[in-house]
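Shown next, in structure tokens, is the structure this report addresses.
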Amino acid sequence: MQGATPVECEILNVIQGAGIWPDCDDKTQLLQAINTLISGGGNGGGNTVIIGSEIGTVSAFAMPTVPEGWLVCDGSAISRTDYADLFATIGTLWGHGDQVSTFNLPDLRGEFVRGFDRDRGVDDGRLFATNQQDQMQGHWHALDPLSSSLGTTYGICEEYFAVYADGAAGEVGNENIKNPISDGVNGEPRIGTETRPRNVAMTYAIKAFYPTAATSQ
């Protein structure tokens, strides 16, 4: 089907690019085509794919349920044949599945994503698709004497912060520093089982396939 004007031709190209056969009696086809192309469906008039929706793309969604064509990055083992395009893209980087008919999705639940170093030297020696445990840079704390009677020597012991009394062999534990206390300016310290920055929970999902567009003949 050909359009009579440049605008009609452009509209027809969009509809056909979404894999929909133009029907003059259906006044919703342009909207259908736009929705299909946004979600990553259609052939884009050939091999064109909407930027950001290529197979293997990982995106963060502001809802717990992801759109059709996307799979939550939960580490699941999925079929190598049913998701052949995704398997051809990421292979077994995130897990070999049963090593025969399945492979694994990335598991990004509860995780932060860090840019791959690529020999920059910031995250030196890191291999692509590897996990990394939380860590704090090694450091020391200087402690003021608890009391003038303890003298001026201070230091750290392995089990707990302690103050040395004039260099004597015995250590005196400081009850005030076994647990963090407020400095009166920056609020109450938050302690827990991990080290983390402020964050917000969203759903990471990977583009796995292009939905088949409904067609009219």
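Here are some notes:
- Region 64-81, subset exposed (fewer than 13 other Cβ atoms within 10 Å of the Cβ) and under 16 Å from Pro211 (Cβ atoms), residue modelled with the lowest pLDDT: Glu68
- Selection count, region 79-97, where residues are touching a strand residue (DSSP E or B) at 6+ places or on another chain (Cβ under 6 Å) and touching a residue at least 60 places away in the same chain (Cβ under 8 Å): 0
- Region 44-63 - residue that is in contact with a helix residue (DSSP H, G or I) (Cβ under 6 Å, 6 or more places away or on another chain) and at pLDDT 55 or above and, of those, farthest from Asn104 (Cα to Cα): Ile55
- Test result for Thr89, within 17 Å of Phe209 (Cβ to Cβ) and at pLDDT 95 or above: yes
- Selection count where residues are in contact (Cβ under 8 Å) with a residue 24 or more places away in the chain and in a loop (DSSP other than H, G, I, E, B), scope region 23-41: 5
The values are calculated or read from the model by the stated rules, or taken from the named source; none is laboratory data. Here the structure is a predicted model, which is why all the values come from computation and not from measurement. Neighbour counts are summed over all protein chains in view; Cβ atoms, including those assigned to glycine, are modelled from backbone coordinates with ideal geometry.
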